[in-house]
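Read-outs throughout are calculated quantities, based only on the coordinates presented, and are distinct from any laboratory measurement. Since the structure is predicted, the reported quantities are computational estimates derived from the model, not experimental observations. Methodologically, a virtual Cβ is constructed for each residue, glycine included, from the backbone with ideal geometry; neighbour enumeration extends over all protein chains shown.
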Amino acid sequence: MLKRVLVTQPLPGDHLAALADLCNVEVLDGTRPLCEYLSQAELGTCQGLICLLTDAIDHSLLEAMPNLEFVSSVSVGVDHIDVPALTERGIPLGNTPGVLVDTTADTAFALLLAAARRVAEGDRFIRAGNWRLDNRWAPEFFVGRDVSGATLGVIGLGAIGQAMARRAAGFDMQVLGWTPSGREVPGVEAVSLEELLLRSDFVSVHLALTATTRNLIDAGRIATMKPGAVLVNSARGGIVSELALAEALDTGRLFAAGIDVFEREPLPLDSPLLQHPRVVLTPHLGSATRLTREKMVEVAVANSIAAVQSQPMLHCVNPQVYEPSQN
Ligand code: DGY
């Protein structure tokens, strides 16, 4: 009998066609949590799941899917998934690293520039009708922070952090880097996290959200940042304390911030970040170009095809499930 694979949302491109040749593929419309579409019994008959970072793959969902053989997420981050629970059941989890590196680094650098040079604030200023003869160009009008020649601290030196460092080199920035693994990267001065925060005019976060990185940039660490620094986060909400960031902006300790990812998404309307004019906000669009999103889908489908054919996934987050002791 053909396997049944659920896809939690329509996906761009026609990559699913190749999977549909091998199994029954059912695509949901993605507006509600998975368990609201299907009865326990229907979920119970699925062998495969292709999900997005907005789908919580947690204990209760896994309980409802006793026949699940693989999960393939159209994302590089997997903090929405209970990975230990999958591993315990011997279920491989696929993700999509590599294909979104430059697109995400472009977004991070765009946020850095926009926050430093007050781009969004200037846009709002004009649209609000505030740019008048009595309020026009003046020597101190909309002054921002210099990017060229400044120091950038990159937290997390994986592929995206390294791509950010390359962009910074093009702006003659001095680049400091810290990563939990201690990895060293040419052109990046390896320093401790404390030194990075102390010396950097710009700090950009490029870590996965895990138990150890949650709340890493908290009030205590923000207080040690260089006065007037700019913070950029395009990695995951939950790594930077939003409350502490908003307070540091209010007191003027930090100059500005560029934030693409949030503790809660969509960002609640009472978020303190919405109150501050120097925060440039974007709605988790780091990898959002058509080409990159299609490549992410392509990788997620390739992972699924491998799993359906009982082959190891191309990009597997928990490869230990393929070790003989797991079977
Ligand atoms: C990911 O894949 O984890 C990214 O956050 C998507 O933009």
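Miscellaneous remarks
- Helix runs (DSSP H) in the chain reaching 20 Å along axis by Cα, Kyte-Doolittle at least 1.0: 101-116
- For the pair residue 294 and residue 135, a Förster radius of 51 Å applied to the C-beta separation gives a FRET efficiency near 0.65, rounded to the nearest 0.05.
- Within the chain, the percentage of alpha carbon pairs spaced more than 31 angstrom apart rounds to 39%.
- Farthest toward the positive end of the dipole of the chain, out of 33, 300, 45, is the Cα of 300, where the dipole comes from beta carbon charges about the Cα centre.
- The chain, relative contact order [Cα under 8 Å, separation at least 6], %: 20 percent
- Most to least packed among 195-206, 299-310, 219-230 [average Cβ atoms within 10 Å]: 195-206, 299-310, 219-230
- Burial ranking of peptide ranges 264-273, 314-323, 13-22 (average Cβ count within 10 Å, highest at the top): 314-323, 13-22, 264-273
- At R0 = 45 Å, FRET efficiency that the Cβ-Cβ distance of residue 311 and residue 224 yields, to 0.05: 0.40
- Radius 14 Å from Cβ of residue 146, net charge of other residues (Lys, Arg +1; Asp, Glu -1): +2
- Potential extension, residue 128-residue 208 segment - 0.36 nm per residue separation minus Cα distance: 25.0 nm
- Pairwise label distance in nanometres, residue 181 with residue 27, each label 7 Å out on the Cα-Cβ vector: 3.5 nm
- Only helical runs count toward this figure. For the chain, summing -39,500 (n - 2.57) over DSSP H runs of n ≥ 4 and dividing by all residues gives -8500 deg cm²/dmol at 222 nm.
- When region 101-281 is reduced to its Cα atoms, the Kirkwood hydrodynamic radius in Å: 16.5 Å
- Listed residues 119, 246, 105: farthest to the positive end of the dipole of region 101-281 (Cβ charges): 119
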